Amino acid sequence: MKLTIISGREVDEVLDSADGVTGLINAVAAAFRDYSSGKVKMPQRTVIYLDNDWWGVMPCGARNVGFSVKVVNVIEGNKARGLPTTQGIVMLMDDATGQPLAVINGTALTAWRTAAATAVSIKYMARSTDSLAMIGAGLQARYHLLVLSRAFSIKKLFIYSRTRERALELAGLARGRGIDAVVTDSGYDAVKQADVVVTATTSREPVIRGSWLHEGMHVASIGAPEVNARELDDDVIRRASVIAVDSRAAVMNETGDIIIPMKNGLILENSLIEIGEIISGARQGRLGDRDITLFKSVGIAAEDLAAALYIYGLVKSRNMGVTVEL
């Protein structure tokens, strides 16, 4: 059997264009819709800790679509080794024949599909995209900028990060894409001026507060992947008119941004709307222009399958990748 190996560089190359990003956003939106409708078979991710190292295994399949498995890890000790703290691979297979099709760099794929998921929430929930606040300036923030700058007409970007050097680098990248970018001295200074706020941090404590928010804004939070971690305080939850998630089951099991407010009685399970329900038209993503809307994502395997299929198709159409015989 033949298998195509797709590098992170190739993932970046095929996706970083207006057409590439548009196609990816559409693929991820369709995956959310199919997941919420029950078309996609996706168990909760399996998490294993080896000492303090986090490992996750994420399978997903859909008939006449495909089957994928992602293995991803977070190893803090890699900082001292000069290696990325988060790494992974995605294996794509044909669902009808079971034939392996590709192994894709999971670090790049995850970064692109996570940013695309945020873009889906902005497309279906945000009132305006003129100004954007980015809290965090690491790898995920960079890929969010790559995606959002291709997908929306962003005029102003406000960046806050505890690591100012990274914030300045991100601002330079934004300016290279024609966006007026400013590095702020606090999260409050960034949020108060924005139509859309994206939080992409590794913080375990809230990085934005509900008292900072103003009418009509949209918040997308992708950090706080553990049950005791939060990017959002209780007031963000209280002020949100609509709370959308990628998966009810996933967020109620994996992120303190939902688990802790639920324990405090601020959220009921039936108040969480899956973004797939909004895409299908079953639920509304915004009730009025004055609403504050929230999208909380933890990342689900349905996104990986959709992104893997889309990337594989682009790579094969361009005769890229390395094909090996197994």
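Values quoted throughout were computed directly from the atomic coordinates according to the rules given, and no laboratory measurement underlies them. Nothing here was measured: the structure is a model prediction, and the numbers come from that model. All Cβ positions, even for glycine, are placed from backbone atoms using ideal geometry, and neighbour counts span all protein chains on display.
Observations, loosely collected:
- Shape annotation for region 227-304: C-alpha extents along the principal axes are 33, 33, 19 Å, from largest to smallest.
- The mean sequence distance of close C-alpha pairs (under 8 Å, at least 6 residues apart), as a share of the length of region 1-100, puts its relative contact order at 19 percent.
- Backbone amide hydrogens, once placed in the peptide plane, bring M217 within less than 5 Å of T293, excluding anything fewer than 5 places away on its chain.
- Acute angle (nearest 10 degrees) that the helix 301-317 long axis makes with the longest principal axis of the chain, alpha-carbon atoms: 60
- Diffusion constant of the chain at 10 °C, which comes from Stokes-Einstein with the Kirkwood Cα-pair radius and 1.306 mPa s, µm²/s: 80
- Within the chain, antiparallel bridges make up roughly 50 percent of the DSSP beta bridges whose residues both belong there.
- Region 267-326: trypsin sites (Lys or Arg not before Pro) falling in loop per DSSP and having at most 14 other Cβ within 10 Å: R290, R318
- Over all Cα atoms in region 187-257, the spread is summed up by Rg and Dmax: 11.6, 34 Å.
- Restricting region 1-106 to GluC sites (Glu not before Pro) in coil, as DSSP defines it, with at most 16 other Cβ within 10 Å: E76
- Derived scalar couplings ³J(HN,Hα) [region 49-62; Karplus, 6.51 cos²θ - 1.76 cosθ + 1.60; whole Hz; x for Gly, Pro]: 9, 9, 6, 9, 7, 9, 10, x, 10, 10, x, 6, x, 8
- Segment T46..L326, full-extension length gain: 98.1 nm, with 0.36 nm per residue of separation and the alpha-carbon distance subtracted.
- Estimated vicinal HN-Hα couplings, Hz - region 237-251 in sequence order (Karplus 6.51, -1.76, 1.60; Gly, Pro = x): 5, 4, 7, 6, 6, 10, 10, 9, 9, 6, 8, 4, 4, 5, 5
- Counting every C-alpha pair in region 47-137, the share spaced more than 23 angstrom apart comes to 44%.
- Surrounding net charge for G38, when Lys and Arg each add one and Asp and Glu each subtract one, Cβ distance under 14 Å: +2
- 5 angstrom amide H check on I267, placed H, neighbours 5+ away: M262
- Taking the chain and dividing mean pair separation by its residue count, relative contact order in percent (alpha carbons under 8 Å, at least six apart): 22
- Cα centroid of region 219-268 to Cα centroid of region 72-110, whole Å: 27
- Protection proxy ranking of 78-84, 304-310, 136-142, 93-99 - average other beta-carbon atoms within 10 Å, highest first: 304-310, 136-142, 93-99, 78-84
- With N as its number of residues, region 1-155 has a Cα radius of gyration that, divided by 2.2 N^0.38 Å, comes to 1.11.
- Projected area averaged over orientations for region 188-326, convex hull of C-alpha atoms, nm²: 11.4
- Hull-based mean projected area of region 117-233, where the convex hull spans the alpha carbons, in square nanometres: 6.4
- Long pairs among K39/K123; K70/K263; K41/K316; K79/K156; K155/K192; K155/K296, criterion Cα-Cα beyond 21 Å: K39/K123; K70/K263; K41/K316; K79/K156; K155/K296
- Between I208 and D233, the built amide H atoms are under 5 Å apart, and every one of these is 5 or more places off in sequence or on another chain.
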